[in-house]
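Notes for the one structure printed next.
A short reminder: the numbers here are calculations on the coordinates, not readings from a lab. In this text the structure is predicted, and so the values were computed from the model without any measurement. Methodologically, a virtual Cβ is constructed for each residue, glycine included, from the backbone with ideal geometry; neighbour enumeration extends over all protein chains shown.
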Amino acid sequence: MNTQYTITELAREFDVTPRAIRFYEDQGLLSPRREGSGGLRRVYSGRDRTRLKLTLRGKRLGFTLSEIRDLLDLYESPTDTVPQLHAFLATVARHREVLERQREDLNATLDDLAQYESEARALLDAGGRAEQADASGHASAQTSAH
């Protein structure tokens with residue numbers, strides 16, 4: 001089965017703009033067939049659809065377009081190519097390290113925010129009790145003055 005897609009169909013399916021798809025094409029990530037007068041109409045294959053899906057997934061994971069291109073090329077190459085698999089594993093390891101550092105930073109930031117929030121709530125609670133004590137003392141003083 002030779003499924004074909006228009007740029008509009010892919011843009012709608014993956015919630016991206018046609019401009020983004022053309023950009024990925026310019027970067028060598030997609031290679032649609034050209035049809036119509038002057039080759040203006042792009043026709044995307046199932047292969048292009050898969051590559052777009054993997055490109056968007058790679059972007060969400062923080063890979064550069066160059067790294068995504070390399071990974072896509074690995075995806076389409078024979079799986080028994082040892083140097084390619086080593087390159088893939090090195091790329092994955094680098095990204096794992098970056099993500100682990102980001103997770104540590106996020107956890108530290110969340111801990112700091114929790115501490116600040118706790119301190120602010122304690123100040124509000126202490127201030128609320130002080131205001132209540134002041135208001136009740138003020139009311140007692142007015143009552144005894146009459």
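Structure above, values below:
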read-out	value
For the chain, built as a Gaussian network whose Cα springs stay under 10 Å, the top-fluctuating residue of Ser118, Ser31, Ser45	Ser118
Ser37/Asp73 FRET efficiency (R0 30 Å; Cβ-Cβ; nearest 0.05)	0.40
Formal net charge of residues neighbouring Glu76 (Cβ-Cβ distance under 9 Å; K, R +1; D, E -1)	+1
Gaussian network model of the chain, springs between alpha carbon atoms under 10 Å - residue of Ala122, Ala11, Ala87 with greatest fluctuation	Ala122
Fluctuation leader among Pro83, Pro32, Pro18 - the chain, Gaussian network, Cα springs under 10 angstrom	Pro83
The range 4-61, relative contact order [Cα under 8 Å, separation at least 6], %	37 percent
Entry for volume of the Cα convex hull per residue in Å³ (calculated from the structure that is shown) out of (1) 125; (2) 202; (3) 162	(2)
